[in-house]
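Structure first, then comments.
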Amino acid sequence: MMLELRDLKVRYGQVEALHGLNLTVEEGELVTILGANGAGKSTTLMAISGLVAVAEGGIYFKGERIDTLRSHQVVNLGITQSPEGRRVFGPLTVAENLALGAFTKSDRPAVAARLKWIYELFPRLYERQTQMAGTLSGGEQQMLAIGRALMSEPQLLLLDEPSLGLAPLLVKSIFQTIRSINQAGVTVILVEQNARAALKLADRGYVLEVGRIVMEGPAQKLLHDPQVQSTYLGVGAME
Ligand SMILES: Nc1ncnc2c1ncn2[C@@H]1O[C@H](COP(=O)(O)OP(=O)(O)OP(=O)(O)O)[C@@H](O)[C@H]1O
Ligand SMILES: [Mg+2]
């Protein structure tokens, strides 16, 4: 087991956003978390990353408790999040943004090899190395955000809505790249509103409703579940 959330609760002030989540991820898996707006998907990822405080319960990475750590310590353990809304540094170039992702790494040959791999995953970034990140298209900024997250050599990559706002063709390409990243040995948690594409890619899935897991199982099973279909895949009611 790589990651385990045990009875995880998160509160924003008086408001409890996660009401006791139990979730596990095995090494090498691609796990998706589905849910409507406000369900608590981003909160779950931020809790894992150490970006929001855990009120109750615990988070364990390879058996070690991590919810007591600071976010940079979580990154050093091998967990990196590519945030929702592609926060890249606009006034810096593509290459500079990527370099920032590896700023804690001192093994230069390893960093160079990483960079080469990322440029292979995203040829568009290779072509735009010297371009200011702020002038990239939305899709390119998303690629850069994922590339930057990969520069820290994560064992576990957390992706928050990587397909948000992208043109259909780019969505397909981003999902294919996520598959390649996972096949290269990186464990992935993928948060997506694009439930169908996410379930097709994932090994397993969790469905989150207002801070609770209401369903979980193999992705193929969820893909064919009538309730998931009518609520998240737009199948049934209209057809
Ligand atoms: N900083 C915050 N302060 C107060 N409440 C917050 C904060 N961030 C999130 N919340 C609340 O916590 C709940 C879960 O939000 P979260 O962003 O985790 O949902 P989400 O599933 O990622 O939604 P979306 O699909 O819109 O990204 C929501 O009710 C939201 O309003
Ligand atoms: Mg969110």
The lone exception for Ala167 - which of (1) within 21 Å of Val25 (Cα to Cα); (2) more than 16 Å from ligand 1 (Cβ to nearest atom); (3) of a type in the set (Gly, Ala, Ser); (4) in contact with a helix residue (DSSP H, G or I) (Cβ under 9 Å, 6 or more places away or on another chain) it fails: (1)
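Within the stretch 201-239, restricting attention to residues that are under 16 Å from the mean Cα position of the chain (by Cα) and open to solvent by 30 Å² or more (accessible area, probe 1.4 Å), which residue is farthest from Gly20 (Cα to Cα)?
Of all residues in the stretch 201-239, those under 16 Å from the mean Cα position of the chain (by Cα) come to 201-208.
Then drop every residue that is not open to solvent by 30 Å² or more (accessible area, probe 1.4 Å), which leaves 203-204.
On the way: Asp203: 23, Arg204: 20 Å.
Top of the filtered list is Asp203.
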Is it true that some residue in the stretch 31-40 is in contact with a Leu (Cβ under 8 Å, 6 or more places away or on another chain), open to solvent by 70 Å² or more (accessible area, probe 1.4 Å) and either without any contact (Cβ under 8 Å) to a residue 60 or more places away in the chain or of a type outside the set (A, V, I, L, M) (or both)? no
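Do we find that Glu29 is acidic (Asp, Glu) and touching an Asp or Glu at 6+ places or on another chain (Cβ under 6 Å) in this structure? Walk me through it before giving the result.
Numbers: acidic (Asp, Glu): yes; touching an Asp or Glu at 6+ places or on another chain (Cβ under 6 Å): yes.
It is true that Glu29 is acidic (Asp, Glu) and touching an Asp or Glu at 6+ places or on another chain (Cβ under 6 Å).
Out of curiosity, is Leu156 hydrophobic (A, V, I, L, M, F, W, C) and either free of Cβ contacts under 8 Å to residues at least 12 places away in the same chain or within 16 Å of ligand 1 (Cβ to nearest atom) (or both)?
Details: hydrophobic (A, V, I, L, M, F, W, C): yes; either free of Cβ contacts under 8 Å to residues at least 12 places away in the same chain or within 16 Å of ligand 1 (Cβ to nearest atom) (or both): no.
The answer is no for Leu156.
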Can you spot a residue in the stretch 41-54 that is more than 18 Å from the chain's Cα centre (by Cα) and either within 12 Å of ligand 1 (Cβ to nearest atom) or not in a strand (DSSP E or B) (or both)? yes
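Search the stretch 1-40 for residues being in a loop (DSSP other than H, G, I, E, B) and aliphatic (A, V, I, L, M), and hand back the single one that is nearest to ligand 2 (Cβ to nearest atom). So that I can check it myself, show each step before the final result.
Of all residues in the stretch 1-40, those in a loop (DSSP other than H, G, I, E, B) come to 1-2, 13-14, 26-29, 36-40.
Okay, now just the ones that are also aliphatic (A, V, I, L, M), so 1-2, 36, 39.
On the way: Met1: 25, Met2: 22, Ala36: 10, Ala39: 8 Å.
Among those residues, the one meeting the criterion is Ala39.
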Answer residue from the stretch 125-148, given it is among the charged types (D, E, K, R) and over 21 Å from the mean Cα position of the chain (by Cα) and is most open to solvent (accessible area, probe 1.4 Å) among those: Glu127
Residue ID - most open to solvent (accessible area, probe 1.4 Å), chosen from residues in the stretch 154-170 that are farther than 14 Å from Ala197 by Cα, away from ligand 2 (no atom under 16 Å from the Cβ) and of a type outside the set (A, V, I, L, M): Gln155
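Hey, does the stretch 87-104 have a residue that's among the β-branched types (Val, Ile, Thr), within 27 Å of Met2 (Cα to Cα) and outside any loop (DSSP other than H, G, I, E, B)? Let's see the steps before the verdict.
The first filter runs over the stretch 87-104 and keeps only residues among the β-branched types (Val, Ile, Thr), leaving 88, 93-94, 104.
Subsequent filtering for residues that are within 27 Å of Met2 (Cα to Cα) retains 104.
Retained after the next criterion (residues that are outside any loop (DSSP other than H, G, I, E, B)): none.
So far as the stretch 87-104 goes, no, none of its residues is among the β-branched types (Val, Ile, Thr), within 27 Å of Met2 (Cα to Cα) and outside any loop (DSSP other than H, G, I, E, B).
The values are calculated or read from the model by the stated rules, or taken from the named source; none is laboratory data. Source: prediction; values computed, not measured. Using ideal geometry, Cβ is built from the backbone for each residue, glycine included, and neighbour counts are taken over all protein chains shown. Heads up: the accessible areas ignore ligands, DNA and RNA and are worked out on the full protein's heavy atoms, side chains in. Shrake-Rupley method; radii C 1.70, N 1.55, O 1.52, S 1.80 Å.
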